[in-house]
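The values are calculated or read from the model by the stated rules, or taken from the named source; none is laboratory data. Since we're looking at a predicted model, the values are computed, not measured. Glycine also receives a Cβ, built like all others from the backbone with ideal geometry; neighbour counts cover every protein chain displayed. These area figures cover heavy atoms from the full protein model, side chains too; ligands, DNA and RNA do not enter into them. Shrake-Rupley method; radii C 1.70, N 1.55, O 1.52, S 1.80 Å.
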Amino acid sequence: NALRRDLLAKVLRAKPYDPINGEPENKQVDVVIDCVGSGHTRKAASELTKPGGTIIHVGLQDSNEGLDTRRITLQEIAFIGTYCYTNKDFQEALDLLADGKISRKDWTEIRPLSQGASGFDDIHNGKAFPKIILEI
(Lines give C-alpha, C1' and ligand atoms only; values in the text may rest on other atoms or scores of the structure.)
Protein backbone atom coordinates (compact mmCIF):
# COMPACT_ATOMS: atom_id res chain seq x y z
CA ASN A 1 0.00 0.00 0.00
CA ALA A 2 1.76 3.13 -1.23
CA LEU A 3 0.00 5.41 1.28
CA ARG A 4 1.24 3.30 4.21
CA ARG A 5 4.77 3.05 2.81
CA ASP A 6 4.96 6.83 2.36
CA LEU A 7 3.69 7.45 5.89
CA LEU A 8 6.14 4.93 7.33
CA ALA A 9 9.06 6.55 5.51
CA LYS A 10 8.05 9.96 6.92
CA VAL A 11 7.54 8.82 10.51
CA LEU A 12 10.31 6.26 11.03
CA ARG A 13 13.88 5.83 9.99
CA ALA A 14 12.90 2.86 7.87
CA LYS A 15 13.17 1.94 4.22
CA PRO A 16 9.87 0.41 3.17
CA TYR A 17 9.50 -1.01 -0.32
CA ASP A 18 6.98 -2.87 -2.44
CA PRO A 19 8.18 -6.49 -2.77
CA ILE A 20 5.90 -7.05 -5.77
CA ASN A 21 6.96 -4.06 -7.89
CA GLY A 22 10.18 -2.76 -6.36
CA GLU A 23 13.68 -3.61 -5.32
CA PRO A 24 15.00 -2.98 -1.81
CA GLU A 25 17.76 -0.44 -1.29
CA ASN A 26 19.78 -3.00 0.70
CA LYS A 27 19.95 -6.64 -0.30
CA GLN A 28 20.82 -7.92 3.19
CA VAL A 29 19.62 -6.35 6.44
CA ASP A 30 19.82 -7.20 10.13
CA VAL A 31 16.10 -6.79 10.89
CA VAL A 32 13.00 -7.11 8.70
CA ILE A 33 9.60 -6.13 10.07
CA ASP A 34 6.83 -7.68 8.01
CA CYS A 35 3.73 -5.64 8.77
CA VAL A 36 1.73 -7.07 5.87
CA GLY A 37 2.01 -10.81 6.32
CA SER A 38 1.45 -11.93 2.73
CA GLY A 39 3.27 -14.62 0.79
CA HIS A 40 5.17 -11.89 -1.07
CA THR A 41 6.34 -10.12 2.08
CA ARG A 42 7.30 -13.37 3.87
CA LYS A 43 9.36 -14.38 0.82
CA ALA A 44 11.06 -10.97 0.78
CA ALA A 45 11.75 -11.18 4.52
CA SER A 46 13.28 -14.65 4.10
CA GLU A 47 15.54 -13.41 1.29
CA LEU A 48 16.61 -10.08 2.80
CA THR A 49 17.52 -11.03 6.35
CA LYS A 50 21.24 -11.49 6.98
CA PRO A 51 22.52 -14.68 8.58
CA GLY A 52 21.99 -14.28 12.32
CA GLY A 53 19.40 -11.53 11.70
CA THR A 54 15.80 -11.26 12.82
CA ILE A 55 12.41 -11.31 11.10
CA ILE A 56 9.62 -9.72 13.10
CA HIS A 57 6.27 -10.88 11.73
CA VAL A 58 3.27 -8.66 12.54
CA GLY A 59 0.92 -8.77 9.55
CA LEU A 60 -1.70 -11.44 9.06
CA GLN A 61 -2.92 -10.88 5.50
CA ASP A 62 -2.85 -14.56 4.57
CA SER A 63 -1.19 -17.84 5.47
CA ASN A 64 0.05 -18.73 2.00
CA GLU A 65 3.58 -19.79 1.15
CA GLY A 66 6.61 -17.54 1.21
CA LEU A 67 8.58 -18.31 4.33
CA ASP A 68 11.86 -20.08 3.51
CA THR A 69 12.19 -22.19 6.66
CA ARG A 70 15.25 -24.03 5.31
CA ARG A 71 17.18 -20.75 4.90
CA ILE A 72 15.94 -19.46 8.26
CA THR A 73 17.21 -22.60 9.98
CA LEU A 74 20.54 -22.86 8.13
CA GLN A 75 21.33 -19.14 8.52
CA GLU A 76 20.18 -19.08 12.17
CA ILE A 77 17.69 -16.28 11.55
CA ALA A 78 15.40 -15.51 14.47
CA PHE A 79 11.68 -15.38 13.67
CA ILE A 80 9.46 -13.49 16.10
CA GLY A 81 5.71 -13.34 15.74
CA THR A 82 3.99 -10.51 17.58
CA TYR A 83 0.44 -9.23 17.57
CA CYS A 84 -0.68 -7.79 20.90
CA TYR A 85 -0.18 -4.18 21.93
CA THR A 86 1.48 -3.07 25.15
CA ASN A 87 1.14 0.13 27.18
CA LYS A 88 4.48 1.18 25.70
CA ASP A 89 3.04 0.81 22.16
CA PHE A 90 0.11 3.07 23.04
CA GLN A 91 2.46 5.62 24.62
CA GLU A 92 4.64 5.67 21.48
CA ALA A 93 1.54 6.17 19.31
CA LEU A 94 0.40 9.06 21.50
CA ASP A 95 3.89 10.57 21.36
CA LEU A 96 3.85 10.43 17.55
CA LEU A 97 0.55 12.30 17.57
CA ALA A 98 1.66 14.81 20.22
CA ASP A 99 4.96 15.51 18.43
CA GLY A 100 3.07 16.12 15.18
CA LYS A 101 4.93 13.33 13.34
CA ILE A 102 1.58 11.87 12.33
CA SER A 103 -1.87 13.40 12.37
CA ARG A 104 -5.39 12.25 11.84
CA LYS A 105 -5.30 13.70 8.32
CA ASP A 106 -2.33 11.42 7.47
CA TRP A 107 -3.84 8.28 8.91
CA THR A 108 -7.63 8.22 8.87
CA GLU A 109 -10.68 9.19 6.92
CA ILE A 110 -14.37 9.17 7.80
CA ARG A 111 -16.93 7.44 5.60
CA PRO A 112 -20.59 6.50 5.96
CA LEU A 113 -21.31 3.00 7.25
CA SER A 114 -22.73 2.08 3.84
CA GLN A 115 -19.16 2.33 2.40
CA GLY A 116 -17.67 -0.04 4.97
CA ALA A 117 -17.22 -3.02 2.65
CA SER A 118 -15.71 -0.94 -0.15
CA GLY A 119 -13.38 0.65 2.41
CA PHE A 120 -11.58 -2.67 2.96
CA ASP A 121 -11.01 -2.99 -0.78
CA ASP A 122 -9.79 0.60 -0.99
CA ILE A 123 -7.31 0.08 1.88
CA HIS A 124 -6.05 -3.11 0.28
CA ASN A 125 -5.62 -1.43 -3.10
CA GLY A 126 -3.90 1.67 -1.71
CA LYS A 127 -6.83 3.97 -2.50
CA ALA A 128 -7.59 4.89 1.13
CA PHE A 129 -5.79 5.81 4.30
CA PRO A 130 -4.80 2.93 6.62
CA LYS A 131 -7.77 3.48 8.96
CA ILE A 132 -11.34 4.29 8.03
CA ILE A 133 -13.81 5.45 10.67
CA LEU A 134 -17.38 4.52 9.77
CA GLU A 135 -20.23 6.84 10.72
CA ILE A 136 -23.75 5.63 11.34
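May I ask for the net charge around Thr54, where only other residues with Cβ less than 12 Å from the Cβ of Thr54 are counted and Lys, Arg are +1 while Asp, Glu are -1? Its environment carries a net charge of -2. In segment 4-64, inverting the average of 1/r over every pair of distinct C-alpha atoms gives 11.9 Å as the Kirkwood radius. The C-alpha atoms of the chain define a longest principal axis, and helix 87-98 lies at about 60 degrees to it. Lys-Lys pairs in the chain that are eight or more residues apart or on separate chains and whose Cα atoms lie under 27 Å of each other come to 27. Expressed as a whole percent, the accessible surface of the chain that belongs to carbon and sulfur atoms is 55, based on a 1.4 Å probe. Around the Cα centre of the chain, unit charges on the Cβ atoms of Lys, Arg, Asp and Glu (plus for the first two, minus for the last two) sum to a dipole of about 160 debye. To the nearest whole percent, what portion of all C-alpha pairs in the chain is separated by more than 24 angstrom? More than 24 Å apart: 39 percent of the Cα pairs in the chain. Accessible surface ranking for Tyr17, Tyr85, 1.4 angstrom probe, highest first: Tyr85, Tyr17. Across the chain, the mean sequence separation of Cα contacts (distance under 8 Å, 6 or more residues apart), normalised by length, yields a relative contact order of 21 percent.
From helices alone, the chain scores -10500 deg cm²/dmol at 222 nm; the rule is -39500 (n - 2.57) for each run of n ≥ 4 DSSP H residues, then divide by the residue total.
If both residues of a DSSP beta bridge must be in segment 21-86, then about 0% of such bridges are antiparallel.
For the peptides 9-16, 86-93, residues were scored by their other Cβ atoms within 10 Å and the scores averaged per peptide; the highest-first order is 9-16, 86-93.
Sequentially through segment 120-136, phi angles give Karplus couplings (6.51, -1.76, 1.60; θ = phi - 60°) of 4, 5, 5, 4, 4, 8, x, 9, 9, 5, x, 10, 10, 9, 9, 9, 8 Hz, Gly and Pro residues having no value and appearing as x.
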